[in-house]
Amino acid sequence: MSFSVQAIGQISLNISFALYLIYLLPQLLHNYRHKQIKNLSLLMHSVLSFAYVLDLIYAFGRQMPWQYKCVSIIGLICLSIQHIQFYHQQRQDKTFLFKYFFLSTALTLLLAVGWLLLLNHMLEAKSLILINTISQLAWMSYALPQIIINLKLKSTSGISLHFVIMACLINLCDTVSAWMLLWDWSLRVGSPVLLLIKLSLLTQFIIFQHKPTNRR
């Protein structure tokens, strides 16, 4: 029984790993093709980037599986590309530029400080679990700003349907992995909550029927 439970957890981990490698790509393509990044929440992007940075620190500090580490690295690379997309499509907005450069500086400092603490072995298990708990809170809340924007616009034009579908599948697999492989409680509780929030975002596509907003 023990072996079968571990095997199920490992299978779900491998599936989520494969999905994590590509799940941000549909959103990047959506941003490029439709030029609707003004309808994509910068706050969502910020919170997701924050979660990925903390996840990277946690992954290396707790010696998580190589899949976990790889996902954190690739996710940050994809979000860096989206960060550039935000700049190219919104750079004429001075208020946006202030927020953009503040976010860039904050994330860079967070990553640098976290990495220095890891290199000097200054993060103990309790500290890393706290970092992961904060990361899980960020993961649980990052979609909420986009849900609010979609409600205001009565449209899902700023976000990719394929991105949301893959996010739902990932959260389902993460839930299975977290419980089968006995990961920290922050992951066992956070993953199913994440799934419910992503399903709420998916429901908006049905309600608004992909209705685009008028382009200016």
Discussion item. Among the listed residues Q6, Q89, Q10, Q85, identify the single one that is assigned to a helix (DSSP H, G or I) and touching a Lys or Arg at 6+ places or on another chain (Cβ under 8 Å).
Written reply: Q89
Fill in: Qualifying residues in the range 18-36 (those that are farther than 16 Å from V164 by Cα and in a helix (DSSP H, G or I)) - the one most open to solvent (accessible area, probe 1.4 Å)
R33
Worksheet entry | Options N150, N171; residue that is free of Cβ contacts under 8 Å to residues at least 40 places away in the same chain and open to solvent by less than 30 Å² (accessible area, probe 1.4 Å) | N171
Worksheet item: What do you reckon, is T156 among the β-branched types (V, I, T) and in a helix (DSSP H, G or I)?
Response: no
Item to complete: Working carefully through the options A106, A112, A138, find the one that is under 19 Å from the mean Cα position of the chain (by Cα), assigned to a helix (DSSP H, G or I) and loosely packed, with under 15 Cβ neighbours inside 10 Å.
Response: A106
Item to complete: Among the numbered conditions (1) of a type outside the set (A, V, I, L, M); (2) within 13 Å of F60 (Cβ to Cβ); (3) surrounded by 11 or more Cβ atoms within 10 Å (Cβ to Cβ), tell me where Y100 comes up short.
Response: (2)
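The values are calculated or read from the model by the stated rules, or taken from the named source; none is laboratory data. Keep in mind that what you see is a predicted model, and the values were worked out from it rather than measured. So basically every Cβ, Gly included, is an ideal-geometry build from the backbone, and we count neighbours across all protein chains shown. Side chains included, ligands, DNA and RNA excluded: accessible areas come from the protein's heavy atoms. Shrake-Rupley method; radii C 1.70, N 1.55, O 1.52, S 1.80 Å.
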